[in-house]
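*Asks:* Take a look at this one; I'll ask things after.
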Amino acid sequence: MPADMINYAAAYPEIVLAAGAIALLMFGAFGGTKGDSDRAGWLAILALAATGVAVVMQTGTERAFNDAFISDAFARFVKLLVLAGSAVAIMLSMDDLRRAKADRFEIPVLILLATVGMMMMISANDLLALYLGLELQSLALYVLAAARRDDVRSSEAGMKYFVLGALSSGMLLYGASLLYGFAGSTSFAGLATAAAAPDAATNMGLIVGLVFLLVGLAFKVSAVPFHMWTPDVYEGAPTPITAFFAAAPKLAAMALLARVLIDGFGGLFIQWQKIVIFLSIASMLLGAFAAIGQTNIKRLMAYSSIGHVGFALVGLAAGGEQGVQALLIYLAIYLVMTLGSFACILAMRRDGEPVEEIGELAGLAQNNLPMAFVLAMLLFSLAGVPPLAGFFGKFYVFAAAVKAELYGLAIIGVLSSVVGAFYYLRIIKVMFFDEAKPRFTPAAPYVRLVMIAAGLFVVLYAVYPAPLVAAAEVAARSLQL
């Protein structure tokens, strides 16, 4: 491969983070950080911050490794969100893992390696690069789900995630092999050329390959009907790891899905739009109705995340610059709401032990009004109540759907949002109106910091939304090129 086609500069952030993960692994193995999750965690956050600086310093659009890897405004926007989500997840994990006597330096290392995979996914411009990034992320996540080896639920979560993840990878690879066979290329540019051909819409090999590829990616974002692993894994995995699962990997997989469909299969927009609309409607409806009967708050958040994937897919189904911009804004707001909500769940401790039942929040407003207020604001935001940030996220995606004349999709989305508001309001009713239960153990400083920051964001976003909207617009425009 010619030297000018390698262009390591495009992949500097990934190189920095991979080097940081390897250095932390060596330092942990030989430098005495075993059992010291705080030191390993802060070193991992430092590596993520250095990677964020490397991302910010990049400009324009750069391609590397014979066009298999691309760095543009879209990639940089999502990478910064993923890096922030990973850093916050590590911060949330420190105290919880120490209390559970599971504070091993390997957990921050695995989060860093998973983040490297996510960044590769976001910048993938070829089916081979897509698969490498996806598997690097997935293999680390399988181990993280089973991080507490002495906990049956954690081991079960890791096994379920591994089995179903392997199935989704097999489907994705089968789709990729069909696409290569019928398009004659694995690059997104080559796939775009094949998708723009006059007979592309009747090329069944190309269509079937795209369907299998979408099935594999739908597993990764836990879109219905490929969501079955999500509730069990979210409930069984350690809570900080669940927070990580619900935030960063979702964003990376959604960004990858958007790049594959728009950059690689823009010529088959009508065909894949129908699939995305189905995934969106099914996810919104199941997320709205299946969560109603849940009593475990982590399972409820799992179904909530499935519903929010459906809302995000509304923006993708709309297509065009406005649809992608709406998708990016929604993902950014979802990241903050999710991490803030899981920080509140981590603060649910009594007598030093975590509690996960929604009923344990009874009377929280009488014992800890600030926590009850922050959690209420986050739940109202997740429900899409104005003028909180979650309302604007849904407004952007529904506006994009209306502009694309997807009126039915927008109506179903609004109705699903109304139904979903029921289970968020039920938690708020429990906190403010039920008879008080004993006080929770005071939360760790890092957990309180994340709660407060997320609460302030969702409340104050309406005051100054311009920076996020402008950044998402620039990112969306780069994907349309």
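The values are calculated or read from the model by the stated rules, or taken from the named source; none is laboratory data. Because the structure is a prediction, the values reported are computed rather than measured. Virtual Cβ from ideal backbone geometry, glycine too; neighbours counted across all protein chains shown. Protein only, heavy atoms only, side chains kept; ligands, DNA and RNA dropped before computing areas. Shrake-Rupley method; radii C 1.70, N 1.55, O 1.52, S 1.80 Å.
*Asks:* Starting from the Cα-Cα distance between Lys403 and Leu46, subtract it from 0.36 nm times their residue separation and give me the gain in nm to one decimal.
*Replies:* Taking 0.36 nm per residue and subtracting the Cα distance, the gain is 124.3 nm.
*Asks:* How many nm is it between the label spots at Arg439 and Phe289, if each spot is 7 Å from the Cα in line with the beta carbon?
*Replies:* It is 4.4 nm.
*Asks:* Continuing with this model, one more query. Quick one: of Lys79/Lys220; Lys220/Lys394; Lys394/Lys437; Lys79/Lys274, which pairs are farther than 26 Å apart, Cα to Cα?
*Replies:* Table pairs above 26 Å Cα-Cα are Lys394/Lys437; Lys79/Lys274.
*Asks:* Looking at the square roots a ≥ b ≥ c of the eigenvalues of the Cα gyration tensor of the range 242-303, which shape do they give, rounded for a/c under 1.5, prolate if a/b is larger than b/c, or oblate?
*Replies:* Oblate.
*Asks:* While we're here: At 0.890 mPa s and 25 °C, plugging the Kirkwood radius over alpha-carbon pairs of the range 332-481 into Stokes-Einstein gives what diffusion coefficient in µm²/s?
*Replies:* Using the Kirkwood radius from Cα pairs, D works out to 147 µm²/s.
*Asks:* Quick one: plug the Kirkwood hydrodynamic radius of the chain (C-alpha pairs) into Stokes-Einstein at 25 °C, 0.890 mPa s, and report D in µm²/s.
*Replies:* Answer from the Stokes-Einstein relation: 110 µm²/s.
*Asks:* Follow-up. Compute the distance in nm between two label points, each set 7 Å from the Cα along the Cα-to-Cβ direction, one at Asp67 and one at Phe30.
*Replies:* It is 4.3 nm.
*Asks:* Next question. For Lys160, list the aspartates and glutamates whose Cα falls under 17 Å from its own Cα; do not include residues on the same chain fewer than 8 positions away.
*Replies:* Once the sequence-local aspartates and glutamates are set aside, what remains near Lys160 is Glu135, Asp150, Asp151, Asp232, Glu235.
*Asks:* So if I take the centroid of the Cα atoms in the range 297-326 and the same for the range 170-237, what is the distance between those two points in Å?
*Replies:* 19
*Asks:* Okay, moving on. With the crude spin-label approximation of a point 7 Å out along Cα→Cβ, what separation in nm comes out for Arg448 versus Ile6?
*Replies:* It is 5.2 nm.
*Asks:* With a Förster radius of 25 Å, plug the Cβ-Cβ distance of Val385 and Val355 into 1/(1 + (r/R0)^6) and report the FRET value to the nearest 0.05.
*Replies:* Calculated transfer efficiency: 0.40.
*Asks:* What list of whole percents do you get for P(r) of the range 29-147, with Cα-Cα distances grouped in 5 Å bins up to the one holding the largest distance?
*Replies:* 2, 12, 20, 21, 18, 12, 8, 5, 2, 0
*Asks:* So with the 1.4 Å probe, I'd like the accessible area per residue for the chain, rounded to whole Å².
*Replies:* 37
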